[in-house]
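The values are calculated or read from the model by the stated rules, or taken from the named source; none is laboratory data. Small disclaimer: the values here were computed from a predicted structure and weren't measured. Positions of Cβ are backbone-derived with ideal geometry, glycine not excepted, and every protein chain shown enters the neighbour counts.
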Amino acid sequence: MEIKQHRSHRKAGFTLIELVIYFGLSAMALGVLVSMFIIASRTQQQTYSQYLVGGSLSSTVHLIRRELQATALSSIKVYSDGSPGFSCASAYNSEGNFTVNGYGAPHWQKHVFYSLGSNGSLSRWTKDIADPNFLPLPTNELPSNLGSEGRPIMAGMLPANKAVGDIFPGSPAGGLEVSFVRRENGVDSLSKVNPAESKEYDKHTRLVEVTIRTFEDHSRPDFSELTFRVCPRY
C-alpha cells in the first residue's frame, strides 16, 4: 500500500525537463502574443493616420477648388521658391458672401494665400485689399511677410525637395504644385507663368492644374499624389 502511494505521488509531479519545456513554450507563446499586439497597434496607428490625412485631403481639395473657381485667372500668382504655394484675389467678404455689382462683376475684397511650410503643413492667409475694386490684380505681397496669423489647413504634406525613395525624386514645390496649362498642337504642357504675363497668350488655356502630395514617414513610407484641374470663372 505504501509503494502504491509513492508511485502515485511521482506521477502527479513534473520533471525538470518537463518544466523547461513548459516554460519554453510559454515564453514562445508570450512572444507571439506581444508581436501580434505590436503589429496590431502599428496597423491601427497607420490606419488612423491615413484616415486623418484622407479626411484633411478631401476638405483641402474642396477648399482650393472652390477658391480657384471663384477667382480671376489673371490674379493667380504661383510661388515656387522658399515656401511653395499660390495666391489669388477673392470677392468673398468677411461674412462669407460673394460680392458683385449690378452687372455681376465681382468686387474683389482681399487676396488669399496658400503656403506650404518646411514641416509639410499647409496654411492659409488672407489680406484685405486696401481699396476694394473691380480689377482682379495679383498681389505683390509674399506669404513670408504675412507673419504667423495663417490658419493651418492640412498636415502630412510632402515638404519641398523631399525625395521618397524610388517613388518620387523630390520637387521644389513639394506637396503643393500649381501650374498653368498650355496647349499647343493638341499637346498639353505646364507653365508657372500666368497667361496674363505671357507673350504667348494664344498657347495658354484657362485651366489651372493643382497637384497635392502627402507623405507619412512610417516603417514603409506612405506617399500619395492627387492631381486635378480648375477653370477660374473670371
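Any chance you could count how many residues in segment 171-187 are surrounded by 13 or more Cβ atoms within 10 Å (Cβ to Cβ) and not in a strand (DSSP E or B)?
The number of residues fulfilling the criteria is 4.
Can you tell me which residues in segment 198-227 are surrounded by 12 or more Cβ atoms within 10 Å (Cβ to Cβ), basic (Lys, Arg) and out of contact with any Cys (no Cβ under 6 Å at 6 or more places or on another chain)?
Hits for segment 198-227 are LYS203, ARG213.
With PRO159, PRO138 as the choices, which residue is out of contact with any Lys or Arg (no Cβ under 7 Å at 6 or more places or on another chain) and either at pLDDT 85 or above or over 12 Å from LYS110 (Cα atoms) (or both)?
PRO159
For segment 83-117, which residues satisfy the criterion of being more than 14 Å from PRO232 (Cβ to Cβ) and under 18 Å from the mean Cα position of the chain (by Cα)?
Listed by number, the residues that qualify are SER83, PRO84, GLY85, PHE113, TYR114, SER115, LEU116, GLY117.
Scanning for something aromatic (Phe, Trp, Tyr), at pLDDT 95 or above and touching a Pro at 6+ places or on another chain (Cβ under 7 Å), does segment 225-232 turn up at least one residue?
Taking every residue of segment 225-232 in turn, none turns out to be aromatic (Phe, Trp, Tyr), at pLDDT 95 or above and touching a Pro at 6+ places or on another chain (Cβ under 7 Å).
Just checking, how many residues over segment 201-219 are without any contact (Cβ under 8 Å) to a residue 12 or more places away in the chain and more than 29 Å from HIS62 (Cβ to Cβ)?
Final tally of qualifying residues: 2.
Residues that are among the hydroxyl-bearing types (Ser, Thr, Tyr) and without any contact (Cβ under 8 Å) to a residue 60 or more places away in the chain, at least 1 per element: which strands (runs of 3 or more DSSP E) completely within segment 52-122 meet that?
Correct list: 85-90, 108-116.
Among what's in segment 154-170 and is crowded, with 18+ Cβ neighbours inside 10 Å and outside any loop (DSSP other than H, G, I, E, B), pick the residue that is farthest from the chain's Cα centre (by Cα).
Out of the qualifying residues, it is MET154.
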